[in-house]
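One structure is given here, and the rest of the page talks about it.
The values are calculated or read from the model by the stated rules, or taken from the named source; none is laboratory data. What you are looking at is a predicted structure, and each value in this text was computed from that prediction instead of being measured. Don't worry about glycine lacking a Cβ; one is built from the backbone with ideal geometry, like all the others, and counts go over all protein chains shown. All accessible areas refer to the heavy atoms of the entire protein, side chains included, with ligands and DNA or RNA removed. Shrake-Rupley method; radii C 1.70, N 1.55, O 1.52, S 1.80 Å.
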Amino acid sequence: MRRLEGKAFELIDRMAAGRSGPVAIAVSGGSDSRALLVLTDQWAQISGRDLLVLTVDHGLRPEAAREAACVVEQASALGHPAQCLTWTGERATQRHARRARHTLLAYAARAAGAGLLLLGHTQDDFEETLLMRLAHGSPLAGAAGLQLVSVSPVWPEGRGVLLGRPLLPQRRQTLQALLKAKGQAWVSDPSNQANIYERVRVRRTIAQLENRDALASIATSAALLRAAEDRAIASALAQDVEVDRFGQVTLACAPAERTPTPRLLGILLQLAAGTDKACDRMQLEALCASIEEGGPQSRLTLGGAWLQRRGDTLLIGRDPGEASLSADGSVFDGRFERKRGLAAPAEGMPVPFLVRDSQPPAGYREILSERLSLWAEAMRLSAGLTGEFSGSYQTPRLNPVQT
């Protein structure tokens with residue numbers, strides 16, 4: 001257990017370094033997040049950092065409210081402030097549930113001034129996500145979807161919030177053993193046994209593998225491949241991308257080795273569009289092929305943004321036809337922030353024609369450059385930690401196959 005605790009403490013240390021405010025933790029009644037609370041509580045006692053425990057009541061099961069209340073009680077008993085966040089919105093799909101959960105967590109973290117939100121994902125989750133994405137045609141690096149550090153998946157609600165997964169190198173069975181040793185109980189969500197969900201079906205398939213070590217090895221290779229790609233993308237975001245005061249994004253794409261990858265281009269299209277919706281992978285691959293051949297020859301739109309080539313530079317901006325032209329709180333269209341005493345972006349110089357129809361009213365400043373910097377920071381940090389900790393990813397001990 002000391003080895004587990006040492007690795008978890010070091011990862012939390014590295015993730016929390018330089019992040020202001022308390023460290024927020026998302027905790028449910030399950031074993032993974034309960035173990036995260038136990039370990040992060042021990043880390044906080046050593047580091048002296050403040051914690052904020054957040055739990056979400058989805059309202060999907062009668063027991064959910066009581067389970068969330070138990071989390072608040074446990075956190076309070078440990079001396080940490082805790083909040084129960086209640087979801088009252090649309091319940092159509094798991095995608096809606098995931099977005100609602102991250103939105104609630106992001107709002108609460110930001111309100112408390114927390115720049116880091118810890119999640120309890122494990123190596124089991126990593127492998128399940130890997131197989132699910134591979135089954136849907138993702139390349140190996142792209143299929144390594146869970147990272148040690150990433151940006152919040154909701155925008156603009158998740159502005160300034162990094163997600164950390166310090167338990168990602170650990171097996172669920174190891175965390176459950178830790179809880180048992182400390183006399184801690186956990187609850188099991190019945191939906192984790194429902195075969196209607198793809199993740200449950202994949203989990204059962206994995207459990208039947210005769211050689212689980214092979215899957216663990218593939219998962220480690222995928223994580224390292226993703227880390228190498230993340231380093232390259234972070235470098236490109238820092239060196240080859242610029243954002244002007246009008247929210248127009250430029251990308252240097254010469255010489256030939258600077259041709260953007262689909263993942264880089266997808267990030268820039270989300271950035272310019274002020275959205276968190278990913279573009280279709282096949283469309284991104286086709287666009288990258290066109291750029292590599294000197295195109296595109298004319299302006300095109302994709303994912304709520306437009307893209308136009310000018311020599312060795314790509315210009316990317318918000319598609320005026322998609323712009324909401326309205327402010328949600330202090331943020332306009334996911335791209336500008338209202339600030340008192342700040343001149344309008346259009347004052348002092350003519351607004352470029354390509355961005356003229358998607359500009360906010362007076363008194364806003366662009367926030368795309370902040371989002372760009374956080375994206376690059378998360379990728380650099382995650383890639384570095386993955387390189388250091390990939391050798392510690394655990395493989396389970398298998399029982400002999402009965403014949």
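Can you find a residue in the range 40-47 that is at pLDDT below 95 and either within 19 Å of Leu162 (Cβ to Cβ) or under 19 Å from the mean Cα position of the chain (by Cα) (or both)?
no
Please work out if Gly79 is on the phi > 0 side of the Ramachandran plot, modelled with pLDDT under 95 and either open to solvent by 40 Å² or more (accessible area, probe 1.4 Å) or out of contact with any Pro (no Cβ under 6 Å at 6 or more places or on another chain) (or both). Full working, then the answer.
Working: on the phi > 0 side of the Ramachandran plot: yes; modelled with pLDDT under 95: no; either open to solvent by 40 Å² or more (accessible area, probe 1.4 Å) or out of contact with any Pro (no Cβ under 6 Å at 6 or more places or on another chain) (or both): yes.
It is false that Gly79 is on the phi > 0 side of the Ramachandran plot, modelled with pLDDT under 95 and either open to solvent by 40 Å² or more (accessible area, probe 1.4 Å) or out of contact with any Pro (no Cβ under 6 Å at 6 or more places or on another chain) (or both).
Among the candidates Val243, Val187, single out the residue that is in contact with a Leu (Cβ under 8 Å, 6 or more places away or on another chain) and either under 19 Å from His136 (Cβ atoms) or among the aliphatic types (A, V, I, L, M) (or both).
Numbers: Val187 fails: in contact with a Leu (Cβ under 8 Å, 6 or more places away or on another chain).
On inspection, the qualifying residue turns out to be Val243.
Filter the range 287-303 for residues that are open to solvent by 10 Å² or more (accessible area, probe 1.4 Å) and farther than 19 Å from Ala141 by Cβ and give the result.
Scanning the range 287-303 gives Ser290, Glu293, Gly294, Pro296, Gln297, Ser298, Arg299, Leu300, Thr301, Leu302, Gly303.
Of all residues in the range 353-390, count the ones that are among the aromatic types (Phe, Trp, Tyr) and surrounded by fewer than 18 Cβ atoms within 10 Å (Cβ to Cβ).
Let us first name the residues in the range 353-390 that are among the aromatic types (Phe, Trp, Tyr), namely 353, 364, 375, 389.
Pick out the ones that are also surrounded by fewer than 18 Cβ atoms within 10 Å (Cβ to Cβ) and you get 353.
Number of matching residues: 1.
Could you check Ala214 against (1) in contact (Cβ under 8 Å) with a residue 24 or more places away in the chain; (2) more than 28 Å from Gly363 (Cβ to Cβ); (3) not polar (S, T, N, Q) and say which number it fails?
(1)
Within the range 271-286, take every residue that is touching a residue at least 24 places away in the same chain (Cβ under 8 Å) and part of a helix (DSSP H, G or I) and give me the one that is most open to solvent (accessible area, probe 1.4 Å).
First pass over the range 271-286, keeping only residues touching a residue at least 24 places away in the same chain (Cβ under 8 Å): 271-279, 281.
Add one more test, that the residue is part of a helix (DSSP H, G or I), and what stays is 271-273, 281.
Details: Leu271: 1, Ala272: 0, Ala273: 1, Arg281: 89 Å².
The selected residue is Arg281.
Would you say Asp50 is among the acidic types (Asp, Glu), under 26 Å from Glu388 (Cβ atoms) and either modelled with pLDDT of 95 or more or in contact with a strand residue (DSSP E or B) (Cβ under 6 Å, 6 or more places away or on another chain) (or both)? Can you show your working first?
On the way: among the acidic types (Asp, Glu): yes; under 26 Å from Glu388 (Cβ atoms): no; either modelled with pLDDT of 95 or more or in contact with a strand residue (DSSP E or B) (Cβ under 6 Å, 6 or more places away or on another chain) (or both): yes.
Criteria not met by Asp50.
Given the structure, is Ala109 in contact with a Gly (Cβ under 7 Å, 6 or more places away or on another chain), small (Gly, Ala, Ser) and in contact (Cβ under 8 Å) with a residue 12 or more places away in the chain? Full working, then the answer.
On the way: in contact with a Gly (Cβ under 7 Å, 6 or more places away or on another chain): no; small (Gly, Ala, Ser): yes; in contact (Cβ under 8 Å) with a residue 12 or more places away in the chain: yes.
Against the criterion (in contact with a Gly (Cβ under 7 Å, 6 or more places away or on another chain), small (Gly, Ala, Ser) and in contact (Cβ under 8 Å) with a residue 12 or more places away in the chain), Ala109 does not qualify.
Just one of (1) modelled with pLDDT of 90 or more; (2) over 26 Å from Ala65 (Cβ atoms) trips up Leu179, so point out which.
Leu179 satisfies all of (1) modelled with pLDDT of 90 or more; (2) over 26 Å from Ala65 (Cβ atoms) except (2).
Taking the criterion of being open to solvent by less than 60 Å² (accessible area, probe 1.4 Å) and modelled with pLDDT of 95 or more, would at least one residue in the range 86-101 satisfy it? Show your work before the answer.
Step one: of the range 86-101, the residues open to solvent by less than 60 Å² (accessible area, probe 1.4 Å) are 87, 89, 96-97, 100.
Narrowing the set further to residues that are modelled with pLDDT of 95 or more leaves none.
Looking through the range 86-101, none of the residues is open to solvent by less than 60 Å² (accessible area, probe 1.4 Å) and modelled with pLDDT of 95 or more.
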